[in-house]
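As C-alpha cells, the structure follows; a few thoughts come after it.
The values are calculated or read from the model by the stated rules, or taken from the named source; none is laboratory data. On a predicted model such as this, the values are computed, not experimentally measured, just so you know. When we count neighbours, we look across all protein chains shown, and the Cβ atoms used for this are built from the backbone with ideal geometry, even at glycine. We work out accessible area using only protein heavy atoms, side chains counted, and drop any ligands, DNA or RNA first. Shrake-Rupley method; radii C 1.70, N 1.55, O 1.52, S 1.80 Å.
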Amino acid sequence: MTGSDLAPDGGLVPAAAEVRTVPSSGGLWSTAADLVCFGLGWASLLPADLAGEALTPHAERPFGAVGLRWFLDRTGETAGLSGVGPGVSASLVVRMGDRCAQVPLSKCRAPVASVNGRVLRAIDRGTTA
C-alpha cells in the first residue's frame with residue numbers, strides 16, 4: 001500500500017515504502033462499511049454494564065476523555081476510534097443520540113478523527129464543520 005505523510009510545512013510527501021511483517025491489530029482488516037456496522041452494533045457483543053464502562057470517561061485528554069479504548073468528546077455527543085498505518089489513517093465516529101456513524105479513510109497519515117467528529121456533529125445541526 002502506498003500513501004502520504006504530512007510534511008512539517010503542511011504539504012503531503014510520499015510515505016516511505018514499507019513491507020509489513022506484522023498484520024494489523026489481531027490480523028484483521030476491514031472496510032469502511034464494516035466499521036460503520038461495528039460502530040453501531042459493538043455494544044450488543046458485551047454485557048450492558050461493560051458496554052457502559054467503555055463509554056464512561058476514565059482518563060482526561062486534551063480533546064476530551066478516554067473510556068475503554070473509545071475516545072469521548074467534551075460535548076458527550078460523539079465517541080470514536082482511530083488508527084494509522086504506513087501512509088494511511090481511518091476514523092470511526094458514532095453520534096450517541098441517534099446512533100449515526102461515519103468512517104473516513106485517508107491516504108495520508110494525518111489524523112482525521114477530530115475533523116470526522118466535527119463533521120458528524122455539524123451534519124446533525126445543519127451547519128458547516
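Here are a few things to note about the model shown:
- Being modelled with pLDDT of 75 or more and over 24 Å from L6 (Cα atoms) holds for only one residue in R61, R125, R99, R121, and it is R99.
- Residue within region 20-42 that is modelled with pLDDT of 80 or more, open to solvent by less than 30 Å² (accessible area, probe 1.4 Å), touching an Asp or Glu at 6+ places or on another chain (Cβ under 6 Å) and closer than 22 Å to N116 by Cα present: no
- Screening S44 on (1) hydroxyl-bearing (S, T, Y); (2) in a helix (DSSP H, G or I); (3) within 30 Å of P8 (Cα to Cα) shows it passes everything except condition (3).
- The lone criterion from (1) open to solvent by 80 Å² or more (accessible area, probe 1.4 Å); (2) at pLDDT 90 or above left unmet by V94 is number (1).
- Contact map, region 69-80: first residue open to solvent by 50 Å² or more (accessible area, probe 1.4 Å), second residue in a loop (DSSP other than H, G, I, E, B), Cβ cut-off under 8 Å, separation 6 or more or different chains; pairs are F71/F63; R74/F63; G76/M96; E77/M96; E77/G97.
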